[in-house]
Amino acid sequence: MEDWFFTEEQRMFRESLREYLQNHITPEKVVEMEEKREIPRSIHDAMADFELFCPLVSEEYGGAGFDLVTAGIVGEELARVDPTGSTCVYYLVPASWSRMIYLYGTEEAKQELLPKMTKGRMFCGIASTEADTGSDLGNMITTIKPIRNGYVVNGAKNYISGIREARNTDGGHVTLARQDLAAGVRGCTLFFLPLNSKGIEISLDREMGREGMSTGGFHIDNVEIPERYLIGEEKRGFYIIHEGYEAARGIIACVCAGAALKALENAVAYMKERKAFGQPLARYQGMQFPLAEHWSRMMMLRDWAYKALRIMDQEKQGKASRMESSQAIAMAKLWGPLWAFDAINFAMQVQGAYGYSLECTEQKALRAIRSFGWAEGTSEVMRLIIAREVLGGTSWKGY
Ligand SMILES: Cc1cc2nc3c(=O)[nH]c(=O)nc-3n(C[C@H](O)[C@H](O)[C@H](O)COP(=O)(O)OP(=O)(O)OC[C@H]3O[C@@H](n4cnc5c(N)ncnc54)[C@H](O)[C@@H]3O)c2cc1C
């Protein structure tokens, strides 16, 4: 049976992408990525050749002009071949945030930045979180002040993905800062901050997974940025930043489905092979029942994740509202990391002591998927969004 939510073109794209990624992101390459703690050049080049960098940007600026459903397919397929999730993040963060420059950036910035980003020659991240505030964006300390022909920025950002990747490519982060200090989130402005600007000092963290990608923070000391790097209108940053989060959240849900289904497939192969008390593990109901539950959840997640991305695509065509798409995406991002974590944990358990060894693919996936309980908005924030729309009567009504 075909996936009802894909067009014929998307089905064909998925097939050729799956084969391509299996050939280029091999288990050996994944080990190399973990050991060197960076994305190998050959993987980067393979992603660039298949036009996987910033594909939501139109062809006019060098992108592949994907819709969000197709962007989700890439996340799912990368998760199947890279259990560390590093390439998934390397793909989905620039994809979601370059889209914001494409949708709301100035023409000058688009001409300057997007052709490099879409070729994988410039990394584009997101910097909203700070040491003392993540979910509560209205209390951030980073400020932006207009000056002649531009702005001056002061503050600090923490737990930011792609610090080294941005530094090495003269790239930067779509950044949120407070312009009107008295107005809370209503006074925030969004802009592009090149990480090699004078006045920026970076630091790197060690994370529990996603070894190929860097995470860290930076201090911003009187950094001047040109007017053309403004994204959207001044003091409207909080309202538009959610479009970036939502694209990322929808793709993350597809990543969760891809990682967990691959882990369950590995568990099935093991259960059929491994014998205990005279018969294969797969013969025991104690194995079959949890397998059936995790498999069903993943099938439902996958359906819903693509549906949510489709609602986001429809929103851009005026066929769904902002609130409907926010809620649909939040539902996928709430259950994706939670259900995938449980499914992968089960796949580890099935494999006995081997499940706990560093060689086991599933423990890599478990560590990667756990990050999505926070990154691009926590599970609790997803619950707040869903409840807000249900209580407010603006919930998705397309059922
Ligand atoms: C691997 C990784 C990569 C990341 N990459 C980036 C990045 O590239 N850019 C970036 O800007 N950020 C990034 N983050 C940060 C992430 O966005 C934040 O962790 C997240 O927004 C939560 O902020 P916080 O960590 O400050 O937690 P807090 O907001 O302080 O929350 C702490 C806990 O309280 C809960 N909570 C908060 N408010 C409420 C409430 N009203 N009701 C109930 N519970 C609540 C939260 O859900 C959380 O569990 C990354 C995080 C991780 C783990």
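Scan the stretch 354-399 for residues that are part of a loop (DSSP other than H, G, I, E, B), more than 8 Å from the ligand (Cβ to nearest atom) and not hydrophobic (A, V, I, L, M, F, W, C) and report the count.
8
Within the stretch 34-42, does at least one residue satisfy the condition of being under 21 Å from S16 (Cα atoms) and buried (at least 20 other Cβ atoms within 10 Å of the Cβ)?
No.
To keep it simple, each residue is scored yes or no on (1) crowded, with 24+ Cβ neighbours inside 10 Å; (2) without any contact (Cβ under 8 Å) to a residue 24 or more places away in the chain.
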position: V89; (1), (2): yes, no
position: Q111; (1), (2): no, no
position: M117; (1), (2): yes, no
position: C124; (1), (2): yes, no
position: A131; (1), (2): no, no
position: S135; (1), (2): no, no
position: M140; (1), (2): no, no
position: R148; (1), (2): no, yes
position: N154; (1), (2): no, no
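Looking at (1) in contact (Cβ under 8 Å) with a residue 24 or more places away in the chain; (2) part of a helix (DSSP H, G or I); (3) more than 16 Å from I101 (Cβ to Cβ), can you tell me which one I144 breaks?
(2)
In this structure, does A127 turn out to be within 13 Å of the ligand (Cβ to nearest atom), in contact with a Ser or Thr (Cβ under 9 Å, 6 or more places away or on another chain) and modelled with pLDDT of 95 or more?
Spelling it out, A127 is indeed within 13 Å of the ligand (Cβ to nearest atom), in contact with a Ser or Thr (Cβ under 9 Å, 6 or more places away or on another chain) and modelled with pLDDT of 95 or more.
For the condition surrounded by 20 or more Cβ atoms within 10 Å (Cβ to Cβ) and part of a helix (DSSP H, G or I), what is the one hit in V31, V93?
V93
Looking at T84, is it buried (at least 18 other Cβ atoms within 10 Å of the Cβ) and hydroxyl-bearing (S, T, Y)?
Here the answer is yes, as T84 does meet what is asked.
Look at Y104 and say whether it is aromatic (F, W, Y), farther than 22 Å from T7 by Cβ, modelled with pLDDT of 95 or more and away from the ligand (no atom under 16 Å from the Cβ).
Yes, satisfied.
In this structure, does N196 turn out to be over 19 Å from the mean Cα position of the chain (by Cα) and modelled with pLDDT of 95 or more?
Considered against the rule, which asks whether it is over 19 Å from the mean Cα position of the chain (by Cα) and modelled with pLDDT of 95 or more, N196 comes out as yes.
Taking the stretch 143-190 as the region of interest, how many residues are at pLDDT 95 or above, β-branched (V, I, T) and over 23 Å from M117 (Cβ atoms)?
3
Yes or no: V93 away from the ligand (no atom under 16 Å from the Cβ) and not assigned by TED's automatic domain parsing to the domain that holds Q314?
Against the criterion (away from the ligand (no atom under 16 Å from the Cβ) and not assigned by TED's automatic domain parsing to the domain that holds Q314), V93 does not qualify.
In the same structural domain as A183 (by TED's automatic domain parsing), within 11 Å of the ligand (Cβ to nearest atom) and in contact with a helix residue (DSSP H, G or I) (Cβ under 6 Å, 6 or more places away or on another chain) - does that describe any residue in the stretch 138-159?
So far as the stretch 138-159 goes, no, none of its residues is in the same structural domain as A183 (by TED's automatic domain parsing), within 11 Å of the ligand (Cβ to nearest atom) and in contact with a helix residue (DSSP H, G or I) (Cβ under 6 Å, 6 or more places away or on another chain).
In the stretch 278-323, how many are within 25 Å of D3 (Cβ to Cβ) and among the hydroxyl-bearing types (S, T, Y)?
Count: 2.
The values are calculated or read from the model by the stated rules, or taken from the named source; none is laboratory data. On a predicted model such as this, the values are computed, not experimentally measured, just so you know. Neighbour counts run over all protein chains shown; Cβ positions are idealised from the backbone, glycine included.
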